[in-house]
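Beneath this line is the structure, given in structure tokens, with notes to follow.
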Amino acid sequence: MTADIWDVVIVGAGLSGLSAAHLLTKRDAKLRILILEGKDRVGGRTVSSEIPAADGADRWDFGGQWVGSTQTHIMELIKELGLEVYPQFNVGKKVLHMGGPTSKVRSYRTSIPALSPLVLLDFTQMLWKFDRLCRTVCVQDPLRTPNAAELDSMTVHSYVEQHAWTEELKEQLGVCSRSVFGVEPSQMSFLFFLMYAAAAGGLLALLESSPGCAQEFKIKGGTQQLSECLAQRVGWKNVRLGSAVTAIWQDGEWARVMTTGDTFLCRAVIVTCPPHLAAKIQYQPALPSMREFLTQNMPVGHMMKFILTYQTAFWKEKGFSGEIVAGSSTDCPFCVTFDATSPRGNPALVGFISGREATLWSAREVKSIGAEDWAKEEFSGGCPVNVMAPGLLTFYHPSLRKPCDNATLCHCWLEVNLDASNTKKEEHSLTEHRSRTTSKEQRTVLSTFLSRRV
């Protein structure tokens with residue numbers, strides 16, 4: 001055991017953990033805070049790497065990358081850290097390919113894809129139903145949502161099967177599920193889906209790159225800079241990489257946080273790693289049964305992200321935006337692509353293989369210097385977010401943020417971009433999701449937590 005006694009030990013050096021440390025340091029600079037991270041880097045599921053490009057090596061994001069103007073917390077953090085954003089290129093025709101390799105490839109320029117009259121009618125009525133239900137969802141407390149138990153008993157797939165008329169629309173909604181969550185529609189609670197969309201201001205806001213939507217901006221130099229800058233603010237000496245936490249033992253006065261090589265004594269512990277990783281930590285005494293069940297039943301999505309660099313941006317030259325939406329199959333594994341031309345002007349496209357196709361392609365021996373399979377990354381185990389299966393929200397949700405055992409132990413996760421603490425609509429992205437873990441509701445948890453223990 002180390003001789004030092006820490007005020008707070010934070011498990012995880014992603015945006016959630018480092019934002020928590022930054023917030024606590026701003027509140028009280030005298031707090032002795034230690035951040036333990038299993039990876040050999042900070043950033044969690046944000047990572048920026050250099051790969052060869054037309055004009056020499058350049059840097060791209062291989063994890064979370066987009067932010068939006070209505071994501072107030074992440075935008076304020078970007079400004080505070082002195083970083084810059086630039087808009088996602090979306091000028092030109094988009095491409096839609098549904099129905100398999102023999103189906104027609106269509107192009108369009110609006111938010112609504114080029115659809116046949118029947119599918120367009122089906123799309124319109126489904127979008128109206130989604131938006132109407134989203135307006136009834138209580139993001140802060142999903143149990144207060146009308147018919148919460150019924151909505152939570154369904155999967156997205158079962159709802160779509162009941163209400164969509166056309167196979168093409170069902171296929172498109174499957175693409176939406178895979179591209180946003182990394183899972184198939186049959187794996188996710190419909191109430192969870194609605195709550196996620198409600199926090200964003202509607203389904204289209206999650207999918208679009210227009211102003212105020214999820215794919216509006218990117219950060220010059222990459223999103224991993226957020227974590228690197230935060231680590232610098234809280235002090236790199238207080239961040240220990242390669243220190244995966246294996247156990248947390250606590251009594252009435254102290255907590256002992258154990259890694260494979262050290263034990264750290266502290267007054268408070270904040271666990272910020274994703275639920276499926278937090279479930280692997282040994283707790284003594286054991287977590288409350290509802291919390292333990294929750295951590296063991298929030299699967300993480302499976303997403304592979306790739307960057308393709310080119311000598312010229314031929315899609316722009318031909319009047320296309322670079323955005324492709326495709327029904328995934330063995331012939332076409334990716335679900336969506338966007339223009340990824342760097343601020344230096346190096347042409348590139350970014351694409352995603354998600355859900356079932358990611359599982360199939362993950363088993364293949366594919367050598368690439370421009371791809372990241374997040375399911376294979378140690379101390380990540382998947383991407384982009386953890387989801388809830390049917391029944392979890394209405395029964396286990398209250399245990400999500402409650403401190404454990406006299407507030408010695410606190411799990412600061414964000415239940416899926418749910419922390420919409422203002423009444424206005426605030427769009428959330430993967431990066432906003434990470435930083436908002438310590439926004440209004442989390443500040444309340446931390447304030448109560450520290451007033452008792454530190």
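With label points built 7 Å along Cα→Cβ from the Cα atoms of residue 93 and residue 112, find their separation and express it in nm.
Between residue 93 and residue 112, the simple spin-label model gives 2.0 nm.
By the scheme Lys and Arg +1, Asp and Glu -1, what is the net charge of all other residues having a beta-carbon under 15 Å from that of residue 112?
Numbers: positive: 93, 94, 106, 109; negative: 122, 131, 168, 208, 323.
Here the count lands on -1.
Can you give the Rg to Rh ratio for the chain, taking only C-alpha atoms and Rh from Kirkwood?
Numbers: Rg = 21.8 Å, Rh = 22.6 Å.
Radius of gyration relative to Kirkwood radius: 0.97.
Restricting to Cα pairs below 8 Å that are 6+ residues apart, what does the relative contact order work out to for the range 175-215? Please round to a whole percent.
Numbers: 25 pairs, mean separation 9.8, N = 41.
Contact order relative to length: 24 percent.
Which order results if 259, 295, 246, 337 are arranged by neighbouring Cβ count within 10 Å, fewest first? Working shown, then result.
Working: 259 17, 295 24, 246 13, 337 20.
Least to most surrounded, the residues fall as 246, 259, 337, 295.
What number, in percent, do you get for the relative contact order of the range 1-135 if the mean sequence gap of Cα pairs under 8 Å and at least 6 apart is divided by its residue count? Walk me through the numbers on the way to the answer.
Details: 110 pairs, mean separation 16.6, N = 135.
Relative contact order for the range 1-135 comes out at 12 percent.
Could you tell me the calculated FRET efficiency between residue 251 and residue 147, based on Cβ-Cβ distance and R0 = 45 angstrom, to the nearest 0.05? Each step should come with its number before you reach the end.
Details: r = 44 Å, r/R0 = 0.97.
Plugging the Cβ-Cβ distance into 1/(1 + (r/R0)^6) gives 0.55.
Output the relative contact order of the chain, whole-number percent, from Cα pairs under 8 angstrom with separation of 6+ residues.
27 percent
Pairs to check: 129/316; 26/218; 94/305; 318/376. Give those whose C-alpha atoms are more than 31 Å from each other in this structure. Can you show the working numbers first?
Numbers: 129/316 36 Å; 26/218 27 Å; 94/305 20 Å; 318/376 37 Å.
Exceeds cut-off: 129/316; 318/376.
Go from 0 up to the bin containing the longest alpha carbon distance in the range 1-137, width 5 Å each, and give me the % of pairs per bin.
In whole percents, the pair-distance histogram is 2, 7, 9, 11, 12, 12, 13, 10, 10, 6, 3, 2, 1, 0, 0.
For the chain, what does -39500 (n - 2.57) per DSSP helix run (n ≥ 4), summed and divided by total residues, give at 222 nm, in deg cm²/dmol to the nearest 500? The partial results should precede the final answer.
Values: 16 runs with 145 residues, N = 454.
Mean residue ellipticity at 222 nm (helix-derived): -9000 deg cm²/dmol.
Output the Kirkwood hydrodynamic radius of the range 94-173, Cα pairs only, in Å rounded to one decimal. Please list the in-between numbers first.
Numbers: mean 1/r = 0.0692 Å⁻¹.
By the Kirkwood definition, the hydrodynamic radius is 14.5 Å.
Along the positive direction of the dipole of the range 151-242 (beta-carbon charges: Lys, Arg +1; Asp, Glu -1; about the Cα centre), which of 222, 204, 241 reaches farthest?
Result: 241.
Among 103, 77, 29, flag the residue with its Cα farthest along the positive direction of the charge dipole of the range 1-133, charges on Cβ as +1 for Lys/Arg and -1 for Asp/Glu.
It is 103, whose Cα lies furthest towards the positive end.
Compute, for the chain, the length of the dipole vector about the Cα centre, with Cβ point charges of +1 (Lys, Arg) and -1 (Asp, Glu) only. Units Debye, rounded to 20. Spell out each step's value before the answer.
Details: 47 positive and 46 negative charges, 157 e Å.
My answer is approximately 760 debye.
Could you tell me what a quarter of the Cα convex hull surface of the range 179-330 works out to, in nm² with one decimal place?
On the way: hull surface 58.2 nm².
For the Cα atoms of the range 179-330, the hull's average projected area reads 14.5 nm².
Using the alpha-carbon atoms, what tilt in degrees (0 to 90, nearest 10) does helix 15-27 show relative to the longest principal axis of the chain?
Taking Cα atoms only, the helix is inclined about 50 degrees.
Can you pull the one-decimal nm distance between simple spin-label points at residue 241 and residue 120, each 7 Å off the Cα toward Cβ?
If labels sit at residue 241 and residue 120, their model points lie 5.3 nm apart.
Want the number for residue 162 to residue 331: 0.36 nm per residue separation, take away the alpha-carbon distance, what's left?
Answer, rounded to one decimal: 58.0 nm.
Computed from the coordinates by the stated procedures, all read-outs in this text should not be read as laboratory data. Nothing here was measured: the structure is a model prediction, and the numbers come from that model. Positions of Cβ are generated from backbone atoms using ideal geometry, with glycine treated the same way; all protein chains shown enter the neighbour counts.
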